[in-house]
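The values are calculated or read from the model by the stated rules, or taken from the named source; none is laboratory data. Everything quoted here is computed from the prediction, not taken from an experiment. Positions of Cβ are backbone-derived with ideal geometry, glycine not excepted, and every protein chain shown enters the neighbour counts. Surface accessibility is based on the protein's heavy atoms, side chains included, excluding ligands, DNA and RNA. Shrake-Rupley method; radii C 1.70, N 1.55, O 1.52, S 1.80 Å.
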Amino acid sequence: MSGSGRGAAHGWVWQPSEAFRSAANWQSFMRAAGIADYPELERRAREEPEWFWDALLRYLEIRFRSPYTRVLDLSDGLAWPKWCVGATMNMTESLLERHLEAGRGQHEAIVWEGEDGTVRRLTYAELAEQVNRLASGFESIGLVSGAAVGIYLPMTPEVAIAFLALARLGCVALPMFSGFGAAAIRARLADAEAVALISADRSMRRGHEIDMKSISDEAVRGLPALRHLIVVRRDAPPRAAAPPASAPAPAPAAGAAAPYEIEWSQLLALGAAQHPARIVPAEHPLMIVYTSGTTGRPKGTVHTHVGFVAKTGEDFGLCFDLKADDRLLWMTDFGWLVGPLQLTAALLAGATAVLVEGTPDYPHDDRLWRVAARQRVSFLGIGPTLARMMMRHAGAPASNHDLSSLRVAASTGEPWDADSWLWVFDKVLAGRGPLMNYSGGTELGGLLATNVLVPIKPASFSGPIPGTGADIVDEQGRSLGPGEVGELVMRQASIGTTRGLWRDPERYLDTYWRRIPGLWVHGDWAVRDADGCWYIHGRSDDTIKIAGKRTGPAEIEALLLATHQVVDAAAVAVPDAIKGAALVCVVIAADAAADRTRLTVELRDAVVAGLGSSFRPARIVFAPDLPRTRNMKTMRRVVRAALLGEDAGDLSTLVNPEAVAALREAAAKRAGDA
């Protein structure tokens, strides 16, 4: 691997060897499709989208019971494509039966490690049996195809079993963040008119027991459509005993005062080891994933059986090069899209999903590395904020552990700064494999990705994922050249894109399609450099515009981090009577005892040196932490609201809500004012 080009511009850092290139899944796909090289693939995906998606579906061996007569129909316009017209399927047959029939039933499908070190393992054969038992148990209490069911579980094997069992019946899964309060759960269940909720009785986080059952009881009370509360007992045996002598209690009538509660173990005992998949149209809804919004009703993005499995296969199998012998660890929550993504990706590939309870730095600072070494993880998901958090634990570096099994790492959700990217590449991967970058969203999977066939620069993307038609444009939709920051858009129909918003087509069109007619506007600022590398500069609704000049917060935050005086930062714009807006930077100092006056000057000077005097921060606020989601993304809207003393809106997705009060207190001190 090349270590050259690490000057100010951070040139090419990782160079794929010929052996890596030859073994890459993109090469396998191009050989199967009769494509000479990657530029030809990009051209044909752009000019012949039906050919491309058909070739992808065939390569991924996605199973259909009835074939499609046409892979893509755009007769209703780009916003409303019809996919795999006439086809029927069930996505679980591609994730389970395909591997069982290939003789891989004894390969590990799921490995789980609890916060206390407890480990559970399920082979593909064992997972399939549990899924079948639960699906038939669900059927015995009246769950039917099309019924919406909430999943409010921590990342345990049960979350995978529940997701697949619902899919097997044709039910619609509603993944929900395991840290939600009752109001957030209730809003989503009500919006989807869910008939059941699957909940754990409790979970563990940083040594504390979280009573999920009490939260569930409050959330479901009085919901007219909800008929069942299914409870997973944390300490119950993973397998059910012999079926009970008596049948389950009858299902309650719709509109009952309280849902009928039933134990997960009882459903397994009622179920059968073999249960055929319910065959549904390819575009049958698989799940509704709600975005975490600011205020008001959350947006329900709709993913289908064929759409989700095909796009996940492209993103992870091809862009991320996930292989059947990989062991995939991505510490996340099932309520975020990455949760269903990693399970679907691993099982589609025939790989192993490593699920972990709790946080990456408890009960030990180096817990993430301990788990990765112990479970021989080969594919690691790690984002910039998590990387910076692990960098802070100087006493527990990744180098203390045997991470030689790591082949690749991947990231999504937020922009990288070069130093954190290089730390992961050098200290975690030891330069053996690429740190891949991936940008998209809950609404559609990936738009941009790193390509493992070509060299990689820190924090960059190689370009658009084939079939998406991603571009960078101005306000009129005109393509921009290198060095010009613009809106990230999509010019083509992509198979993984949400099928509208749940029961709200006008909101869908207003949100994504009407800002620049004919283009999907994703809401991110992006730029490409002279070498063709792409970069994300943050959400366009987070734009910082001062004295007529604009930039994304990620660019400012990278300048602050590059000083090595802070371990994390958030940049936001606040109203200013003269300039219209002023820049405020909230930072976590690397040295808590550092002279704040001196540090304020250094940080301001770093921003000015990088972006000019227009962006001189009006304030530097020192805080103990930043408000973050469970995926470790910084919530800038919450930062801004805390600085201004405003209502921060929906905080249900925060993993550390106490950070908001601490930030308000820090802002009130007026430290670092201009």
Zone of residue 37 (label point 7 Å along Cα→Cβ, backbone N under 19 Å): which residues in region 431-458? 451-456
Per-residue [θ]222 nm for the chain (sum of -39500 (n - 2.57) over DSSP H runs n ≥ 4, rounded to 500): -8000 deg cm²/dmol
Post the alpha-carbon centroid distance, region 365-406 to region 301-331, in whole angstrom. 22
Go ahead and run the numbers for FRET between residue 46 and residue 102, Cβ-Cβ distance against an R0 of 30 Å, rounding to 0.05. 0.35
Run the quick spin-label model on residue 453 and residue 664: label points 7 Å from Cα toward the beta carbon, then report their separation in nm to one decimal. 5.4
Any residue on another chain or 5+ positions along whose placed amide H is under 5 Å from the amide H of residue 524 is listed here as 488, 540
On each of the three principal axes the extent of the alpha-carbon atoms of the chain, given in whole Å and largest first, is 75, 57, 52
Give me log10 I(q)/I(0) at q = 0.12, 0.15, 0.16, 0.23 Å⁻¹ for region 318-389, Debye formula, one equal scatterer per alpha-carbon, no solvent. -0.31, -0.48, -0.55, -1.10
Can you work out the base-10 log of I(q)/I(0) for region 560-674 at q = 0.09, 0.10 1/Å, using the Debye formula on its C-alpha atoms alone? -0.22, -0.27
J(HN,Hα) series, region 558-574, from Karplus relation 6.51 cos²θ - 1.76 cosθ + 1.60, nearest Hz, glycine and proline x: 5, 5, 5, 5, 5, 6, 6, 8, 10, 9, 6, 7, 9, 10, 9, 9, 10
Linear extension gain, residue 214 paired with residue 74, 0.36 nm per residue minus alpha-carbon span: 45.7 nm
Karplus-derived HN-Hα couplings along region 373-386 (A = 6.51, B = -1.76, C = 1.60, θ = phi - 60°), whole Hz, x at Gly and Pro: 6, 5, 9, 6, 5, 10, 10, 10, x, 8, x, x, 5, 5
Shape category assigned to region 374-436 from the gyration tensor of Cα positions, a/c cut at 1.5: oblate
Determine the per residue accessible area of region 283-421 with all protein chains present and a 1.4 angstrom probe, expressed in square angstrom. 23
Qualifying lysines (Cα of each under 19 Å from Cα of residue 457; at least 8 residues distant if same chain): 427
Under 14 Å from the residue 374 label point (7 Å along Cα→beta-carbon), backbone N, region 158-179: none
Under 5 Å from the placed amide H of residue 13, counting only residues 5+ away or on other chains, we find 456, 457
Normalised convex hull volume, region 77-151, alpha-carbon set, Å³ per residue: 192
Under 23 Å from the Cα of residue 545 - lysines, other chains or at least 8 residues apart: 579, 633
Neighbour-limited loop hits for GluC sites (Glu not before Pro), region 183-230 (at most 16 other Cβ within 10 Å; DSSP other than H, G, I, E, B): 193
If packing is taken as the average count of other Cβ atoms within 10 Å, what order do 441-454, 33-46, 466-479 fall into, highest mean first? 441-454, 466-479, 33-46
Taking every pair of alpha-carbon atoms in region 604-649, what share in percent sits in each 10 Å bin, from 0 to the bin with the longest distance? 23, 38, 34, 5
Region 499-588: Cα Rg divided by the 2.2 N^0.38 Å rule of thumb: 1.36
Dimensionless Rg ratio for region 1-110, taking C-alpha atoms and the 2.2 N^0.38 Å reference: 1.46
Using the Karplus equation 6.51 cos²θ - 1.76 cosθ + 1.60 (θ = phi - 60°), what ³J(HN,Hα) coupling, rounded to whole Hz, does each residue of region 603-609 give in order, writing x for Gly and Pro? 5, 4, 5, 5, 5, 5, 4
Over the chain, with every protein chain in place, what whole percent of the accessible area is carbon and sulfur at 1.4 Å, could you tell me? 52
Burial order of peptide ranges 349-359, 103-113 (average beta-carbon count within 10 Å, highest first): 349-359, 103-113
Amide H contacts of residue 205 (H built 1.01 Å from N, under 5 Å, at least 5 apart or other chain): 210
Assign one of three labels to region 58-217, namely rounded, prolate or oblate, based on the Cα gyration tensor with a ≥ b ≥ c the square roots of its eigenvalues; rounded applies when a/c is under 1.5, prolate when it is not and a/b is larger than b/c, and oblate otherwise. oblate
